[in-house]
Amino acid sequence: AFDGDSLLLNGSDSVSAAVGLGVQLAQRLGEDIYCVHLAANSTSLAVQQFYTDSLFDVGWYDLNQQANWSPTQQGSLHYRLLDILDGAKLTAQAQGDTLECVGVFVLQGESDANSFPTWSSYADNLRAWNTAVRNAIVARGLYAGAAWTIPWIHPHVLISSVNAEFSNTAITDVARGDSYMSTFITDSFTKQDSFHYNGFGLAQVEEGMA
């Protein structure tokens, strides 16, 4: 499956875990699964200072702005995610369906390991984003329980990534303090390069997250 969002944002094809994960969950839960999906390469959780160098680098479709997931920065990918949640709810309603979130599945953290300002704040940024996403799901009526009980599955980033241990330590620390968040080590999963899984490695990730 090709990730259309990543293709639009970054100009290159990128394989996605969403479809395989959806199949795994459908098999295990015995019901239809809808994957509400958003992905972009080389993105961080940290607030960033942006620039514009042309008339096209402004507004909602601004590649410079859509470079992080910070809920405190207007125009970030977090706000595009909110739009997608709204769209998912409206689509389900049009089909006569009611959506109930079974979990948030996150592959993220490589870019945050690249510099001291981003890796030193990664745990705090992850907690803040985790809370914002869960609250947004509940606010849209997509989960019946308390927001903090929405399952959050966040695998370690590939250890071959630059300074990956910093992101992985933060992910582990946040998961330890969150009864409904889990993580797992991906060191042995097969990969295409330092930052990306190959097809089999991605299947291993899907199995782990499901």
Next on the checklist: Can you list residues from other chains, or at least 5 along the same chain, whose modelled amide H is less than 5 Å from the amide H of SER44?
Outcome noted: ASN68, TRP69
Checklist entry - Which GluC sites (Glu not before Pro) does segment 122-210 hold that lie in a coil by DSSP with at most 10 other beta carbons within 10 Å? => result none
Checklist outcome for this item: Given backbone amide H placed at 1.01 Å from N, residues whose amide H is under 5 Å from that of GLU110, ignoring those fewer than 5 places away on the same chain, are none
Next on the checklist: If amide hydrogens are placed 1.01 Å from N in the peptide plane, which non-local residues have theirs closer than 5 Å to the one on TRP152?
Outcome noted: VAL104, MET181, SER182
Checklist entry - Using θ = phi - 60° and the Karplus form 6.51 cos²θ - 1.76 cosθ + 1.60, what ³J(HN,Hα) does each residue of segment 134-143 get, whole Hz, x for Gly and Pro? => result 4, 4, 5, 5, 5, 4, 9, x, 9, 7
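Every number in this text was worked out from the coordinates using simple rules, so none of it is lab data. Predicted model only: the values in this text are computed from it and were never measured. With ideal geometry, Cβ positions are generated from the backbone for all residues, glycine too; neighbour counts draw on all protein chains shown.
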